[in-house]
Amino acid sequence: MSRPRDTQRSKVYAAERSIDAWVDGKQGTLMSIGEVEQFVCSTMGMAWYKRDFVQKQWHLRFPIIRDGRGHRRATGGANTLTFPRWSRYPLVICHEMAHMVARRLIPRDVAAAHGPEFCAVYLHLVAHAIDPLVAQDLRAAFRDRGVRFTAPTLDLCHPQFPCRYCKIKEAA
C-alpha cells in the first residue's frame, strides 16, 4: 500500500518561516551535533514525552543522530535523525523529532509525512520542548495557511493532567 500524498508540506514550511521565532532571528543559537543529541535525549527523557508518546517500550529507544555532512536537508525517520549544520536550531530539531514520533506511532501507509498527525505531534513537541507561546504562534501560522493539525487518531494529553499548551489552547 502506498503512502498518502503529502499535500501540506509547502504550507508547513511556509508557516514555520513566518513565525516570529524565525522572522525576528530568535530561533536560538546554532547547536553543535553534541548539543543536538543532548536536546533530543533530554526531551525524550521528560515525563510528558514518556506519557504522551511512548506506547511501547521500543518507542523510547533513542535515535541515531547524524551530523548531516553531505546532506542539504534535515531528515527524521523512526530511528535516525540527520541535521546538517544549518538545521541545528530547536524548531528544526522539533520538526524532525515530530517525524520520528509520528513514524513510531502511526503506520506510514496511514499518514502523510506532514499530515495532521505530524502537525499535532510537532505542536505538542514545540509547546513542551521550546515554549508554549512559540507553539501558539506556530498554531496560528498553521491556521493562516490552512494547515490541518488536529489528529483524531492521536490523544496527546492525559485529560487529568493537561499540559500548559493545552491549558493555553482551551483558554483561547
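The values are calculated or read from the model by the stated rules, or taken from the named source; none is laboratory data. If you're wondering where the values come from, they're calculated on a predicted model, not measured in any experiment. Virtual Cβ from ideal backbone geometry, glycine too; neighbours counted across all protein chains shown.
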TODO: Identify the residue in region 1-16 that is at pLDDT 90 or above and basic (Lys, Arg) and, among all such residues, is surrounded by the fewest Cβ atoms within 10 Å (Cβ to Cβ).
DONE: Arg9
TODO: Among the numbered conditions (1) small (Gly, Ala, Ser); (2) without any contact (Cβ under 8 Å) to a residue 24 or more places away in the chain; (3) closer than 26 Å to Leu133 by Cβ, tell me where Gly76 comes up short.
DONE: (2)
- [ ] For region 30-128, please list each of the helices (runs of 4 or more DSSP H) lying entirely inside it that holds at least 2 residues being touching a Phe, Trp or Tyr at 6+ places or on another chain (Cβ under 7 Å) and surrounded by 13 or more Cβ atoms within 10 Å (Cβ to Cβ).
- [x] 33-45, 90-105
Open item on the list: Can you tell me how many residues within region 142-152 are surrounded by 15 or more Cβ atoms within 10 Å (Cβ to Cβ) and either more than 15 Å from Asp20 (Cα to Cα) or modelled with pLDDT under 95 (or both)?
Closed with: 5
- [ ] Could you grab the pairs with beta carbons closer than 6 Å, sequence gap of 6+ or different chains, first residue in region 1-18 and more than 21 Å from Val126 (Cα to Cα), second one among the basic types (Lys, Arg) and surrounded by 13 or more Cβ atoms within 10 Å (Cβ to Cβ)?
- [x] Arg3/Arg108
- [ ] Give me the pairs, please: first residue somewhere in region 85-96 and within 11 Å of Val36 (Cα to Cα), second residue anywhere and among the charged types (D, E, K, R) and in a helix (DSSP H, G or I), beta-carbon distance under 8 Å, and either six or more positions apart or on two chains.
- [x] Ser87/Glu96; Arg88/Glu35
